[in-house]
Amino acid sequence: MLRGRETGLVADCLFCSIIAGTTPAQIVLDTPDVVGFLDVRPVFKGHTLLVPREHVPTLVELPDELTVPLFGAARSVAAAVRTAFDAQGSFVAVNNVVSQSVPHLHVHVVPRTKGDGLRGFFWPRTKYADTAEAEEYAGKLRAALAS
């Protein structure tokens with residue numbers, strides 16, 4: 001169950017509906033200010049999106065009081081993907097308007113390993129085999145975040 005404040009949500013926003021619990025997602029991080037969940041079309045498995053609970057369209061509109069919680073969460077998840085998936089590092093990115101498929105600020109944390117095939121900003125996408133595989137990845141990341 002998600003916790004924290006669910007104020008300022010936008011009815012037709014996919015990420016707001018995930019925060020509200022009306023759209024299912026593989027939740028990996030749940031704090032009073034930030035929710036993290038697996039991207040349904042990951043660059044690499046374990047690719048996580050971090051969003052402020054409050055509907056904030058872009059980085060430019062991010063209130064100062066949410067900057068540390070959001071980017072602190074990004075730092076924690078970047079460390080956790082190394083443990084959870086034996087990744088050598090991560091790619092952390094924020095799209096602002098251009099290439100931002102959902103108009104709710106989100107930080108991408110993508111596990112990386114040397115030779116993984118990611119070149120520049122051409123992001124090949126993959127899919128989880130099923131919900132069970134997605135839950136396995138989410139569970140590994142939750143465990144790494146908890147340690």
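The values are calculated or read from the model by the stated rules, or taken from the named source; none is laboratory data. What you are looking at is a predicted structure, and each value in this text was computed from that prediction instead of being measured. Cβ atoms come from the backbone with ideal geometry, glycine included; neighbour counts cover every protein chain shown. The protein model used for the area step is the full one, side chains on, heavy atoms only, and it has no ligands, DNA or RNA in it. Shrake-Rupley method; radii C 1.70, N 1.55, O 1.52, S 1.80 Å.
For segment 104-115, the condition holds for at least one residue, the condition being that it is surrounded by fewer than 14 Cβ atoms within 10 Å (Cβ to Cβ) and either of a type in the set (D, E, K, R) or in a loop (DSSP other than H, G, I, E, B) (or both).
Counting just the residues of segment 116-132 that are small (G, A, S) and in a loop (DSSP other than H, G, I, E, B), which one comes out modelled with the lowest pLDDT? So, considering only residues that are small (G, A, S) and in a loop (DSSP other than H, G, I, E, B), the one modelled with the lowest pLDDT is G120. Among the residues making up segment 93-125, those that are farther than 19 Å from V77 by Cβ and touching a residue at least 60 places away in the same chain (Cβ under 8 Å) are P103, P124, R125. So, D12, is that one under 15 Å from the mean Cα position of the chain (by Cα) and either among the acidic types (D, E) or at positive phi (or both) or not? So D12 fails the test. Taking the criterion of being assigned to a loop (DSSP other than H, G, I, E, B) and of a type in the set (A, V, I, L, M), the residues of segment 21-53 that qualify are A25, V40, V43. Confirm whether L9 is aliphatic (A, V, I, L, M), more than 19 Å from A144 (Cα to Cα), open to solvent by 10 Å² or more (accessible area, probe 1.4 Å) and at pLDDT below 95. The answer is yes for L9.
Is there a residue in segment 58-69 that is within 15 Å of the chain's Cα centre (by Cα), closer than 16 Å to A25 by Cβ and at pLDDT 95 or above? Checked against the condition, which is being within 15 Å of the chain's Cα centre (by Cα), closer than 16 Å to A25 by Cβ and at pLDDT 95 or above, segment 58-69 yields no hits at all.
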